[in-house]
Amino acid sequence: MTPPPPGRVDPDLADRLTDAVLLSGLPVAFGEEGPGVRIRPARPADDADRCAGAAALDWLPSPRLTGAAAMAEPGQPAGPAREVVGTAMVNALAEFLPAFGLEATRDGSGRELRVGPPALPAAGLRVPPGVLAARPAGPTPAELGVPAALLDALRRSAALAGLPLAAHLGGTGITLAPCPPAGDPTGDPGADGAADIGWNPSRRLADLADSDRPEAPGAATARAAVDAAMRHALGTALRACGTELRWLHALHRLRAYGESVPTIRR
């Protein structure tokens, strides 16, 4: 197979990366503006760095956060927030892409997260057509009882980070569920008005994982990898963008309590 010219990502690799990102529930950024995963050619660190055809991955947050960071004075939260969000999301990609058959590694300098052209173009998770199952959308966060003030705070933080907020329980993106009552064994005495945070991948991945098709075990593995990686990333990214969060490690839950200070305004 003829390698791609310098400065180009292997076309099959670009297609597989795009599909994996979309299956995970994340957007793909095109050009220099976010939000989403930017897939670009890897940049050689030196003359001995052979990276032809390899892709490098970045996370571009919302243009609003990028603009606020560019205009922020030293000590203001927007600049650090942009860096924290970008690092958290690139780390999440490194965690879950191997479950899609795409090995992600850092370059020699540690600057870039890279994925090289696959040795076997047909390898990796493929979603067959017709996998979507008919099902109800599910209740909205408001219908589930998530307080309006908390929902607004999470919506602002998610929008700044460039992350989708699921409009209903079955939607793709960040999901919200009210906390169990205080008398429940999983309750939290300080959780009045709080919500538990989760992540839904795309419907295509979720429905394939729940199907009886031969590809279902691979899809279930990918879904679990995305869930674990995104929970880690959300705890960091949403906090950086102004939401008060706490990990309840004994319960394996990420809980949001409202808007934190300082907040990012622009």
If we keep just the residues of the stretch 204-247 that are among the acidic types (Asp, Glu) and assigned to a loop (DSSP other than H, G, I, E, B), which is surrounded by the fewest Cβ atoms within 10 Å (Cβ to Cβ)?
ASP212
Residue in the stretch 248-255 that is of a type in the set (A, V, I, L, M), farther than 19 Å from PRO141 by Cβ, at pLDDT below 95 and open to solvent by 40 Å² or more (accessible area, probe 1.4 Å) present
yes
Checking VAL131 against (1) at pLDDT 90 or above; (2) in a loop (DSSP other than H, G, I, E, B), only one condition comes out false. Which one?
(1)
Any idea which of (1) modelled with pLDDT of 90 or more; (2) at negative phi is the one GLU33 doesn't satisfy?
(1)
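The values are calculated or read from the model by the stated rules, or taken from the named source; none is laboratory data. Only a predicted model underlies this, so the values are computations on that prediction, with no experimental measurement involved. Methodologically, a virtual Cβ is constructed for each residue, glycine included, from the backbone with ideal geometry; neighbour enumeration extends over all protein chains shown. The accessibility values were calculated without ligands, DNA or RNA, using every heavy atom of the protein model including side chains. Shrake-Rupley method; radii C 1.70, N 1.55, O 1.52, S 1.80 Å.
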